[in-house]
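Novice: Take a look at this one; I'll ask things after.
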Amino acid sequence: MPSQENLLLDYVRRLEKHKAARRAVHVRLSGLRPFNRREPHVRAAAANLEPLVKALSGQLFTLKNADLFFIYRAEAHADTEAAIQKIRYLFSDDPMLADEANEARSFCVWYAVDREYEKILRFARSLTDDDGETAETARATRDARQALKARQSSGTPLTPEVLSRVEVALVRADLSNLVRRQYICGVTAKGVPEPAFSELFISIHDLRETLLPDVNLAGNRWLFQHLTSSLDRRVLAMLSRTDHITFTGDISFNLNVSTILSPDFLAFDDAITASRRGSLVVEIDKAEVFADLGAFLFARNFIQQRGYRICIDAMTHQVMPLLDRERLGADFVKLLWDPEMADGGEEMQEGVRAMVKRAGQSRVVMCRCDDREAVDFGQSVGIRFFQGRHVETLIAEDNRRRELLRLKRRIERS
């Protein structure tokens, strides 16, 4: 799971286009005495900034050294100063705050993001450099990744001949280690995830690095579409081979319309029980709907008659108002998180809220939620289900809490 340091760096990089009227404060709890920076103390300090996070006025990061880093809208500066004052009061007996002359310099560092963006970026980078590896190793890793990206974007284009080789390799390759699972969850007011169903997919990034790292697989849209059809068949084969790999609970997976209408899907359908179909959600990319509405409607009727549910994938806030979920007969739609939705002000927020209400609040899944801002914004406009790296982090934290509780009960009984 991505650390808070990595999430901060990712957030700061995305902030480059939205620097105006933003400020930040670095609260150096790491300078307090050890007994004052224990986990309950850090949580209590962070709780003072939570109302601003919930109001979508800022984003909070709790770093591994116990420091807090809060990036917020300039109009919330007075409320932020009040929250920081409450945090100071919590630790007023600590020697760090006893020296008033030193406290102003050491406890908090304030930033105007538009003027000091590069300084904030350097700070965020330094955190990830120190997160489990030296700065030199981290730079080498980044350079290697950037070089690989450069080779992939400007490397060998995907040609019919290369595609043929890839498909031959796919037939022989064991793709089970490339299968990823992400949960779609509701999130309670306390940040506890409540799984609804999970998505299974083959990581294109890992597939590319495993089979042909120097080939730009997505360079040709139509050949890439053909490649995804081949991957569809492998996913169907893995889902039907319950003796080889078992997936529990309600599951969603992406298919092209052409795959749904192919003999491979019929073979898959024959291999599973009727009761299992009701737990499966077929995700269809919005581009498939626009490309051939008639084919989509036929495929929709074909699979819904057999008991499957349908989700329209990869909706954006610009496109979603153009497609009526109910008239399309889809059970769910997936809306891609975009920070522009939060940065667009009240008018944008009201537009997204109306869009979600029209689609049905329990029918919209906000995906690619890589930080808390996405979940907080989604909840503010009525969305109930979320998917992404932040949700996976919440699941991991909840599992740790449950495991600690079980261990505590076991100790009490012994």
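The values are calculated or read from the model by the stated rules, or taken from the named source; none is laboratory data. The shown structure was predicted, so the numbers you read here are calculated from the model rather than taken from an experiment. Please note: Cβ atoms are built from the backbone with ideal geometry, for glycine as well, and neighbour counts cover all protein chains shown. In case anyone asks, the SASA skips ligands and DNA or RNA and just uses the protein heavy atoms, side chains included. Shrake-Rupley method; radii C 1.70, N 1.55, O 1.52, S 1.80 Å.
Novice: Could you go through the range 278-293 and let me know if any residue there is without any contact (Cβ under 8 Å) to a residue 12 or more places away in the chain, among the polar types (S, T, N, Q) and assigned to a loop (DSSP other than H, G, I, E, B).
Specialist: The answer is no, given that none of the residues of the range 278-293 is without any contact (Cβ under 8 Å) to a residue 12 or more places away in the chain, among the polar types (S, T, N, Q) and assigned to a loop (DSSP other than H, G, I, E, B).
Novice: List the helices (runs of 4 or more DSSP H) inside the range 71-133, counting only whole elements, that have at least 3 residues being modelled with pLDDT of 85 or more. Steps first, please.
Specialist: Working: elements: 77-90, 95-98, 100-106, 113-130.
Passing ranges, in order: 77-90, 113-130.
Novice: Right, another one. Could you check the range 327-342 and list, in sequence order, the residues that are surrounded by 15 or more Cβ atoms within 10 Å (Cβ to Cβ) and among the charged types (D, E, K, R)?
Specialist: Listed by number, the residues that qualify are Asp331, Lys334, Asp338.
Novice: When you scan the range 33-43, how many residues do you find that are in contact (Cβ under 8 Å) with a residue 12 or more places away in the chain and either exposed (fewer than 13 other Cβ atoms within 10 Å of the Cβ) or in contact with a His (Cβ under 8 Å, 6 or more places away or on another chain) (or both)?
Specialist: Summing the residues that are in contact (Cβ under 8 Å) with a residue 12 or more places away in the chain and either exposed (fewer than 13 other Cβ atoms within 10 Å of the Cβ) or in contact with a His (Cβ under 8 Å, 6 or more places away or on another chain) (or both) in the range 33-43 gives 1.
Novice: Collect the residues in the range 353-368 that are open to solvent by less than 40 Å² (accessible area, probe 1.4 Å), under 26 Å from Leu7 (Cβ atoms) and either modelled with pLDDT under 95 or not β-branched (Val, Ile, Thr) (or both), keeping them in residue-number order. Steps first, answer last, please.
Specialist: To start, the set of residues in the range 353-368 that are open to solvent by less than 40 Å² (accessible area, probe 1.4 Å) comprises 355-356, 359-360, 364-367.
Filter again for under 26 Å from Leu7 (Cβ atoms), leaving 356, 364-367.
Within the range 353-368, Met366, Cys367 qualify.
Novice: Going residue by residue through the range 302-324, is there one that turns out to be open to solvent by 30 Å² or more (accessible area, probe 1.4 Å), at pLDDT below 95, closer than 28 Å to Gln225 by Cα and acidic (Asp, Glu)?
Specialist: Looking for residues that are open to solvent by 30 Å² or more (accessible area, probe 1.4 Å), at pLDDT below 95, closer than 28 Å to Gln225 by Cα and acidic (Asp, Glu), one finds at least one in the range 302-324, hence yes.
Novice: Considering the range 7-32 alone, what residues qualify as being open to solvent by less than 70 Å² (accessible area, probe 1.4 Å), over 10 Å from Phe61 (Cβ atoms) and in a helix (DSSP H, G or I)?
Specialist: Asp10, Leu15, His18, Leu29, Ser30, Gly31
Novice: Considering only residues of the range 170-186 that are modelled with pLDDT of 75 or more and not in a strand (DSSP E or B), which is surrounded by the fewest Cβ atoms within 10 Å (Cβ to Cβ)?
Specialist: Checked the range 170-186; the qualifying residue surrounded by the fewest Cβ atoms within 10 Å (Cβ to Cβ) is Asn177.
Novice: Next up: Out of the residues in the range 196-228 that are outside any strand (DSSP E or B) and under 30 Å from Ser362 (Cα atoms), state the one that is modelled with the highest pLDDT.
Specialist: The selected residue is Thr228.
Novice: If Pro2 satisfies every condition in (1) within 29 Å of Tyr183 (Cβ to Cβ); (2) part of a loop (DSSP other than H, G, I, E, B); (3) at pLDDT 85 or above but one, which is the exception?
Specialist: (3) is the only condition that Pro2 fails.
Novice: Given the criteria part of a helix (DSSP H, G or I), under 30 Å from Gln4 (Cα atoms) and touching a helix residue (DSSP H, G or I) at 6+ places or on another chain (Cβ under 9 Å), does Ala342 qualify?
Specialist: Details: part of a helix (DSSP H, G or I): yes; under 30 Å from Gln4 (Cα atoms): yes; touching a helix residue (DSSP H, G or I) at 6+ places or on another chain (Cβ under 9 Å): yes.
Yes; evaluated as a whole, the condition is true for this residue.
Novice: Still on this structure: Looking at the range 158-193 only, could you name the residues that are under 16 Å from the mean Cα position of the chain (by Cα) and not hydrophobic (A, V, I, L, M, F, W, C)?
Specialist: Arg180, Arg181, Gln182, Tyr183, Gly186, Gly191, Pro193
Novice: Checking Asp371 against (1) closer than 19 Å to Gln182 by Cβ; (2) of a type in the set (D, E, K, R); (3) surrounded by fewer than 22 Cβ atoms within 10 Å (Cβ to Cβ), only one condition comes out false. Which one?
Specialist: Going through (1) closer than 19 Å to Gln182 by Cβ; (2) of a type in the set (D, E, K, R); (3) surrounded by fewer than 22 Cβ atoms within 10 Å (Cβ to Cβ) one by one, Asp371 breaks only (3).
Novice: Identify all residues within the range 322-342 that are within 30 Å of Glu75 (Cβ to Cβ), touching a Lys or Arg at 6+ places or on another chain (Cβ under 9 Å) and in contact (Cβ under 8 Å) with a residue 24 or more places away in the chain; write none if there are none.
Specialist: If the condition is that a residue be within 30 Å of Glu75 (Cβ to Cβ), touching a Lys or Arg at 6+ places or on another chain (Cβ under 9 Å) and in contact (Cβ under 8 Å) with a residue 24 or more places away in the chain, then Leu336, Trp337, Pro339 are the ones that fit.
Novice: Continuing with the same structure: List every residue pair whose Cβ atoms sit under 9 Å apart, with the two residues 6 or more apart in sequence or on different chains, where the first one lies in the range 187-211 and is free of Cβ contacts under 8 Å to residues at least 12 places away in the same chain and the second, anywhere, is assigned to a strand (DSSP E or B).
Specialist: What qualifies is Thr188/Glu194; Glu194/Cys185; Glu194/Gly186; Glu194/Val187.
Novice: Turning to a different aspect of this structure: Quick one: in the range 258-291, of everything that is under 19 Å from Phe332 (Cα atoms) and acidic (Asp, Glu), which residue is most open to solvent (accessible area, probe 1.4 Å)?
Specialist: Result: Asp285.
Novice: Can you spot a residue in the range 277-300 that is within 24 Å of Ile184 (Cα to Cα), of a type outside the set (Lys, Arg) and at pLDDT below 90?
Specialist: Checking the range 277-300: not a single residue is within 24 Å of Ile184 (Cα to Cα), of a type outside the set (Lys, Arg) and at pLDDT below 90.
Novice: Take the residues in the range 374-414 that are open to solvent by less than 20 Å² (accessible area, probe 1.4 Å) and of a type in the set (Phe, Trp, Tyr), then tell me which one is modelled with the lowest pLDDT.
Specialist: Within the range 374-414, the match that is modelled with the lowest pLDDT is Phe377.
Novice: Based on what the data block shows, is Pro40 at pLDDT 90 or above, in a helix (DSSP H, G or I) and more than 22 Å from Glu118 (Cα to Cα)?
Specialist: Spelling it out, it is not the case that Pro40 is at pLDDT 90 or above, in a helix (DSSP H, G or I) and more than 22 Å from Glu118 (Cα to Cα).
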